[in-house]
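Notes for the one structure printed next.
The values are calculated or read from the model by the stated rules, or taken from the named source; none is laboratory data. Please read all numbers here as calculations on a predicted model, not as lab measurements. Note that we place each Cβ from the backbone using ideal geometry, even for glycine, and neighbour counts take in every protein chain shown. Surface accessibility is based on the protein's heavy atoms, side chains included, excluding ligands, DNA and RNA. Shrake-Rupley method; radii C 1.70, N 1.55, O 1.52, S 1.80 Å.
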Amino acid sequence: MSDGRVNADQQQQENMVKPPVKRSHTLLIVTYVCLFVGSIASSLLAKYYFVHGGSSRWVSTWVQSAGFPLLLTLIYFPRYVFKTTTRRPFTRFTRRHLIFSVLIGFVLGFNNFLFSWGTSYLPVSTSSLLLSTQLVFTLILSAIIVKQKINFSNLNCVVLLTLSSVLLALGSSKDKPAGLTKTKYYIGFVSTIGAGLLFALYLPVTEKLYRSVYCYAMVMEVQLMMELSATVFATIGMAFDGGFREMAKEANHVFTKGPTVYWTVAIFANVVTWQLCFAATSGMVYLTSGITGGICMTALLAMNVIGGVVVYGDEFGGVKIVSTVLCIWGFSSYIYGMYMKMKEEEKEKGEYSGVKTTEDGGEMEVEMGKVKDDVAAADDRV
């Protein structure tokens with residue numbers, strides 16, 4: 001009896017930590033649309049800051065996370081404004097969630113700093129394609145950290161996207177802005193690669209953390225703490241490097257578009273789009289997996305390349321054309337592999353990559369996770 005009671009208590013505790021989470025395909029689509037808009041807009045606006053006279057990499061780092069208060073709308077509005085859930089914000093947000101969120105946030109802050117260095121020196125198209133190198137490390141780290149299975153579909157995608165970056169590295173030495181020294185160019189090159197590697201670590205680590213997360217709103221709570229930590233990292237750097245004084249100087253005397261455009265576009269719009277990008281990334285990792293989230297982001301790199309060519313007039317020669325084609329080819333092959341796997345598993349088990357489709361009242365829903373308990377199902381709508 002005693003053992004049975006202990007096992008029952010352990011099972012009850014596990015269910016309290018990971019109750020069922022049902023999500024519609026619409027939420028997944030909306031999340032990817034937000035990722036699409038946020039990724040492209042943030043990359044272009046990050047470059048916009050440097051193109052028109054901005055020079056502080058700490059300012060560029062700070063704006064990537066300073067918009068974390070915007071996440072409060074996704075945390076509190078569902079309960080107090082839209083009345084779509086009875087769950088109180090930060091319910092079941094444990095000390096473990098807090099500690100890991102803070103640690104990951106500081107790593108994310110350093111990642112943002114490396115990205116700012118790369119963006120300040122490299123064209124948007126070059127930095128975007130270089131970031132695709134994170135995918136191979138995402139796959140390796142996902143296999144180690146979250147036991148991601150390596151199959152032909154994801155391996156083929158990783159090989160093609162990595163080859164795309166290698167070709168770019170070999171053929172982009174002439175793709176430097178006027179006046180940029182070879183030393184600074186390679187600093188930007190290495191910084192961008194470093195940012196990609198840290199992001200590759202970020203994806204599977206957050207996926208593992210999200211396995212103990214209760215619902216989508218709680219994902220935003222974890223993300224809020226990560227972005228707060230990243231902002232603390234950037235604010236310390238800003239304070240020591242005189243970044244806040246430099247913002248006022250840039251706005252009034254340096255930025256070529258004037259102070260109004262500086263504060264509204266180079267700063268505020270940057271803050272908003274970066275939060276949209278990071279929040280959507282977390283949503284994709286939670287709803288699917290770290291490797292799928294990484295592949296989806298890498299698929300947007302081709303659009304970033306085209307955006308850099310259209311908006312900033314970046315060169316688009318033969319090497320970039322081949323790299324972009326390989327990028328699109330790799331993603332398309334992965335999507336096709338996912339589609340075939342989905343069709344096969346729907347016939348056999350009705351499951352797909354940890355996402356189980358179920359019929360509920362005639363509507364198809366997505367059930368995330370493996371917990372079968374039905375406790376607090378009404379709270380899972382957000």
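Assorted remarks:
- Residue list for segment 252-281, filter: aromatic (Phe, Trp, Tyr) and open to solvent by 40 Å² or more (accessible area, probe 1.4 Å): Trp263, Phe268
- Restricting attention to segment 199-257, the residues that are in a loop (DSSP other than H, G, I, E, B) and within 20 Å of Phe113 (Cα to Cα) total 1.
- Residues in segment 94-122 that are of a type outside the set (Val, Ile, Thr), open to solvent by 10 Å² or more (accessible area, probe 1.4 Å) and either modelled with pLDDT under 90 or within 21 Å of Ile295 (Cβ to Cβ) (or both): Asn111, Phe115, Trp117, Ser120, Tyr121.
Residues are listed down the side, and each one gets a yes or a no for (1) open to solvent by 40 Å² or more (accessible area, probe 1.4 Å); (2) in a helix (DSSP H, G or I); (3) at pLDDT 90 or above:
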| site | (1), (2), (3) |
| --- | --- |
| Gly4 | yes, yes, no |
| Leu27 | yes, yes, no |
| Ser65 | no, no, yes |
| Leu72 | yes, yes, yes |
| Ile75 | no, yes, yes |
| Pro78 | no, yes, no |
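- Exclusive hit being open to solvent by 10 Å² or more (accessible area, probe 1.4 Å), part of a helix (DSSP H, G or I) and either within 14 Å of Asn154 (Cβ to Cβ) or not hydrophobic (A, V, I, L, M, F, W, C) (or both), set Ile306, Ile335: Ile335
- Subset of segment 34-63 (residues that are under 22 Å from the mean Cα position of the chain (by Cα), over 21 Å from Glu221 (Cα atoms), open to solvent by 10 Å² or more (accessible area, probe 1.4 Å) and not hydroxyl-bearing (Ser, Thr, Tyr)): Phe36, Val37, Ile40, Ala41, Leu44, Leu45, Lys47, Arg57, Trp58
- For the criterion of being modelled with pLDDT under 90, under 29 Å from Pro123 (Cβ atoms) and hydrophobic (A, V, I, L, M, F, W, C), Phe199 passes.
- Contact annotation: residue pairs with Cβ atoms under 6 Å, 6 or more positions apart or on different chains, pairing a residue in segment 243-256 that is polar (S, T, N, Q) with a partner that is assigned to a loop (DSSP other than H, G, I, E, B), are Thr256/His52; Thr256/Gly53.
- Any hit, segment 230-251, residues being open to solvent by 10 Å² or more (accessible area, probe 1.4 Å) and under 18 Å from the mean Cα position of the chain (by Cα): yes
- Meets criteria (more than 16 Å from Ser60 (Cβ to Cβ), open to solvent by 10 Å² or more (accessible area, probe 1.4 Å), of a type in the set (D, E, K, R) and within 16 Å of the chain's Cα centre (by Cα)) for Lys208: yes
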